[in-house]
Every structure is written in C-alpha cells, then in structure tokens.
Amino acid sequence: MKKILLVSVLSAITLVGCISIAQLRGNTYSYSHKLVGDNIIDNLYEDNDFKITFSVGTKEMDFEIYNKTDKSVKIIWDETSFIPYGEGKKVMHKGVKYTDRDAAQVPTSIPSKTSWSDLVVPTDNVYYKQGYYSQYVSNPGGWETHDLWLTADYNKPETDSTIMKLKGWKYRLVMPMEVNGVKKDYTFNFEITDVVKTAPPVTN
C-alpha cells in the first residue's frame with residue numbers, strides 16, 4: 001500500500017510539473033518551409049550536376065543529394081553557412097561529435113551516380129546542459145540543440161508578435177561544392193510559408 005501511494009504521489013508531482021512547464025512556455029509555434037528560386041520543383045533543386053531535396057525540421061535541415069556527374073562531388077563543410085537573419089553561421093553535419101563542432105570538418109565526397117543523406121545544424125545552437133538532481137526529479141544533463149526558430153513565446157506578447165511576423169521570411173543555406181574539380185558556391189533560398197500558433201493547455 002505504501003509503495004502504491006508513493007508511486008501515485010510521484011506521478012501527480014510529475015504531471016503538475018509537466019503542466020507548469022507547458023504553461024511557462026506559453027504559446028508554441030510550428031513552421032512550414034519551402035525552397036524557392038530557379039530549377040526548383042517541390043523542394044527539389046536540380047541542375048546538370050546533381051539534384052537535392054530539403055526538409056527543414058525544428059532543430060536541423062535535412063537533405064539528400066544525388067550526384068549526376070561521372071566524377072565525385074565534394075561538399076566543403078568549412079565554408080558552408082546557414083544564414084537565418086543575414087549573418088552566416090558555421091554548421092556541423094551528421095557524424096561530427098558535439099565536442100568537435102568548432103573543429104575543421106573534412107569535405108564529404110559523394111561518388112558518381114550515388115545519393116548521400118545528411119543534415120546541417122548551426123554549431124552555436126549546440127550546447128551542453130548541466131544536470132540537476134533532487135529527491136523526486138533528476139536530469140543527468142547532456143548535449144542539447146536550440147531550435148532553428150523560436151518555438152515558444154514564454155507568455156510575452158512582443159515575442160509572439162516577432163514570431164508571427166516570420167511568415168514570409170526568407171533565409172539561405174550557402175553550400176560550396178567541388179564539381180568536376182571546380183569549386184562552385186551554391187546558395188539555396190528558403191521561405192517560411194506559414195507559422196501556426198498553439199495555445200498552452202488549460203489547467204483547472
């Protein structure tokens with residue numbers, strides 16, 4: 001009986017904590033994105049050398065590239081930049097350790113007539129969160145990643161206004177590549193096509 005009572009109490013504390021956190025975050029927001037510009041159909045870019053599709057997530061930008069040429073294509077990571085507000089941000093990609101995010105990154109070589117799936121994350125969005133411990137709730141801490149765009153307003157009307165104005169905002173990914181031995185700077189332009197706001201749960 002004591003064990004059942006303890007479990008019930010801990011469950012209630014956890015539930016209250018979750019609701020409190022949700023209330024603290026205020027409204028939450030989700031985004032829709034699209035690739036814009038020339039040589040583009042439904043978020044797919046294609047030219048004579050390759051085709052590439054993008055999917056923008058909450059914390060990273062995923063992509064798949066197909067090398068159409070007869071030679072290897074290289075992605076030059078140290079010169080790749082995510083540009084959300086006009087200032088370029090260094091990025092990391094899959095396989096890079098969080099602790100090595102600021103170190104030089106070896107270019108990715110994509111063989112002829114093959115596909116490669118990867119992602120980009122701004123390095124300054126990655127941080128180490130210290131853990132905390134208590135009698136009822138503990139978190140050991142670890143590496144975490146900020147969202148690409150604000151996803152909560154923390155009950156601040158000015159933040160809500162800033163987020164909602166992002167509809168129609170344009171941003172870029174600059175990804176230099178070596179194609180047939182020649183370096184080319186590819187710029188992929190994106191637009192936030194919609195911002196959906198969700199109110200926090202109502203508590204009794």
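The values are calculated or read from the model by the stated rules, or taken from the named source; none is laboratory data. Not measured: the values here are computed from a predicted model. Reconstructed Cβ throughout: ideal geometry from the backbone, glycine too, with neighbour counts over all protein chains shown. Accessible surface areas use protein heavy atoms only, side chains included; no ligands, DNA or RNA. Shrake-Rupley method; radii C 1.70, N 1.55, O 1.52, S 1.80 Å.
Can you report the number of residues in the range 85-136 which are part of a strand (DSSP E or B), among the aromatic types (Phe, Trp, Tyr) and farther than 28 Å from ASN48 by Cβ?
4
Restricting attention to the range 143-167, and to residues there that are within 14 Å of the chain's Cα centre (by Cα) and in a strand (DSSP E or B), which single residue is surrounded by the fewest Cβ atoms within 10 Å (Cβ to Cβ)?
My answer is GLU144.
Can you tell me how many residues within the range 64-113 are among the hydrophobic types (A, V, I, L, M, F, W, C), open to solvent by 10 Å² or more (accessible area, probe 1.4 Å) and within 22 Å of ASN180 (Cβ to Cβ)?
Of the residues in that region, 2 qualify.
Condition test on ASN43, is it more than 22 Å from HIS146 (Cα to Cα), polar (S, T, N, Q) and surrounded by 15 or more Cβ atoms within 10 Å (Cβ to Cβ)?
Considered against the rule, which asks whether it is more than 22 Å from HIS146 (Cα to Cα), polar (S, T, N, Q) and surrounded by 15 or more Cβ atoms within 10 Å (Cβ to Cβ), ASN43 comes out as yes.
Keeping to the range 185-204, report how many residues are within 17 Å of PRO84 (Cβ to Cβ) and of a type in the set (Phe, Trp, Tyr).
Matching residues across the range 185-204 total 2.
I'm trying to understand the selection: among the residues of the range 165-184, which are under 19 Å from PRO84 (Cα atoms) and free of Cβ contacts under 8 Å to residues at least 60 places away in the same chain?
Scanning the range 165-184 gives LYS165, LYS167, GLY168, TRP169.
Keeping to the range 69-84, report how many residues are part of a strand (DSSP E or B) and either closer than 17 Å to ASP147 by Cα or acidic (Asp, Glu) (or both).
The qualifying residues number 3.
Surrounded by fewer than 17 Cβ atoms within 10 Å (Cβ to Cβ) and touching a residue at least 24 places away in the same chain (Cβ under 8 Å): which single residue out of THR187, THR203 fits that description?
Unique residue meeting the criteria: THR203.
Suppose we keep only residues that are assigned to a loop (DSSP other than H, G, I, E, B) and free of Cβ contacts under 8 Å to residues at least 12 places away in the same chain within the range 26-52. Which one would you say is farthest from PRO84 (Cα to Cα)?
If we take residues in the range 26-52 being assigned to a loop (DSSP other than H, G, I, E, B) and free of Cβ contacts under 8 Å to residues at least 12 places away in the same chain, then ASP47 is farthest from PRO84 (Cα to Cα).
Quick check: is even one residue across the range 168-175 at pLDDT 95 or above, assigned to a loop (DSSP other than H, G, I, E, B) and not hydrophobic (A, V, I, L, M, F, W, C)?
yes
Can you list residue pairs whose Cβ atoms sit under 6 Å apart, with the first residue in the range 122-145 being among the aromatic types (Phe, Trp, Tyr) and the second being open to solvent by less than 70 Å² (accessible area, probe 1.4 Å)? Count only pairs 6 or more apart in sequence or on different chains.
As it stands, the answer is TYR132/ASN139; TYR136/ILE13, since those pairs meet every condition given.
Looking only at the range 134-142, decide whether some residue is among the β-branched types (Val, Ile, Thr) and open to solvent by less than 50 Å² (accessible area, probe 1.4 Å).
Looking for residues that are among the β-branched types (Val, Ile, Thr) and open to solvent by less than 50 Å² (accessible area, probe 1.4 Å), one finds none in the range 134-142, hence no.
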